[in-house]
Amino acid sequence: MEYEGVICRPPMELGAFLLPVAVGCTHNQCTFCAFYKDKKFRIIPLEEVEAELARASETGRIPRRIFLGDGNPFVLPTDRLLTILDMIRRHFPEMPPVHLDATVANVAGKSDEELRALRLAGVRKVYIGIECGDASALTKLQKGFTLSRAREQTARLQAADIDWGAHLMLGCSGQGKGHETALQTAAFLNDTHPTDIINVEMFAHRGTELFRQISAGEFMQAGTLESLKEERTLIENIRIGVNYDGFHGWHEFHVWGQLPEKRTAMLQKLDAAIARCRAEMETDHEQVPDKLQRVRIHIGA
């Protein structure tokens, strides 16, 4: 199978066998996302999916996990997903756990019975782009859901014994609002109990609506120092057991670990990064966060 465009999947899934079952994203309205702008959503024919499974099984290697692509394959009709899961079982009788991305609306579009059927057939985890716990920011980012709706749908997943992972983004609320947003996001996560958190610093790709808003002065992007502080406040206030993975463009800074066990070490690493970033600001009259902001905006050109 020939993969189309940029492949997007959580870092926890890098060791998984990627099985595309659709191309693109049916929502495709998030102001910050450039992954699917050049793709028109379509469903991959079952014959192609079967052929890819046959190719993989002929290698004799058994995948630890299978990750279904592309942007939100959970939107596929349940009967089709069940057919794909049956194909997977036929080629890999050991039935590795199957994970995939979804939107809140995709989950809402399936009945409780359908969710249970998918769990029985092999779906173990669904990742959802929550981004943050600031309701007004979600509206501006055109996420297409409310926090109350997200709470309802993640609870339905868990009632069906399907884990869920949260995609987050630092800086969603803009400059000067990182601390408050971190507290709101932590409260949402503590209520909804994801098993995994993937957190990335906001990046404005050229050609996106977010890029236009920043360029026009309509959105003031948080600097690197504020994003680091936002992440520290978030980790400090998460009260659930969860696997955390956070990424920054600044010096390719990365903080990860299992919470709450690794909280102290993660906070110490963030404290050191915050001190370093502050020191760079004091010694660079161009103001490093502003300079880095311009890099984050234009590097996608």
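Just so you know, all these numbers are worked out from the coordinates, no wet-lab data involved. This structure is a prediction, so every number in the text was calculated from the model and none was measured. No Cβ is skipped: glycine too gets one built from the backbone with ideal geometry, and neighbour counts run over all protein chains shown.
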Fill in the blank from the handout: Out of GLU113, GLU48, GLU252, a Gaussian network model of the chain with alpha-carbon springs under 10 Å gives the largest mean-square fluctuation to GLU252
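Report the extension gain between ALA272 and ASP79 in nm, rounded to one decimal, defined as 0.36 nm multiplied by the number of residues separating them, less their alpha carbon distance. Let's see the in-between values first.
Working: separation 193, 0.36 × 193 = 69.48 nm, distance 5.06 nm.
Fully extending the segment from ALA272 to ASP79 adds 64.4 nm.
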Practice task
Between GLY109, GLY24, GLY178, find the one with the highest GNM mean-square fluctuation for the chain; connect C-alpha pairs within less than 10 Å.
Solution key: GLY109
Handout entry: FRET efficiency, 1/(1 + (r/R0)^6) with R0 22 Å, evaluated for ASN237 and ARG151 via beta carbons
Key = 0.80
Handout entry: 0 to 90° range, to nearest 10: angle between helix 112-121 axis and the chain longest Cα axis
Key = 70 degrees
Practice task
For segment 1-71, just the Cα atoms, rotate onto the principal axes and tell me the three extents in Å, largest first.
Solution key: 42, 28, 15
Exercise for the section: Mind checking the full-extension length gain between ARG42 and ARG212? Use 0.36 nm per residue of separation minus the Cα-Cα distance, one decimal, nm. Expected result: 58.4 nm
Practice task
At 7 Å along the Cα-to-beta-carbon direction for both SER136 and ASN190, put a label point, then send me their distance in nm to one decimal.
Solution key: 2.3 nm
Handout entry: Column: log10 I(q)/I(0), Debye, Cα scatterers of segment 11-298, q = 0.07, 0.08, 0.12 Å⁻¹
Key = -0.28, -0.37, -0.80
Fill in the blank from the handout: The FRET efficiency for SER111 and ASN28, from their Cβ-Cβ distance with R0 = 35 Å and rounded to 0.05, is 0.90
Practice task
Round to the nearest 10 and give me the degree value, 0 to 90, for the angle of helix 263-283's Cα axis relative to the longest principal axis of the chain.
Solution key: 40 degrees
Completion exercise
Helix 224-237 sits off the longest principal axis of the Cα atoms of the chain, rounded to the nearest 10 on a 0 to 90 degree scale, by 60 degrees
Handout entry: Length released on extending from ALA51 to GLN258, taking residue separation times 0.36 nm less the Cα-Cα span
Key = 70.8 nm
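Please tell me which of these pairs span more than 26 angstrom C-alpha to C-alpha: LYS40/LYS110; LYS229/LYS262; LYS140/LYS269; LYS140/LYS262?
Values: LYS40/LYS110 23 Å; LYS229/LYS262 18 Å; LYS140/LYS269 32 Å; LYS140/LYS262 34 Å.
Beyond 26 Å between Cα atoms: LYS140/LYS269; LYS140/LYS262.
Go ahead and run the numbers for FRET between ARG61 and ASP161, Cβ-Cβ distance against an R0 of 45 Å, rounding to 0.05.
Values: r = 28 Å, r/R0 = 0.62.
My answer for the efficiency is 0.95.
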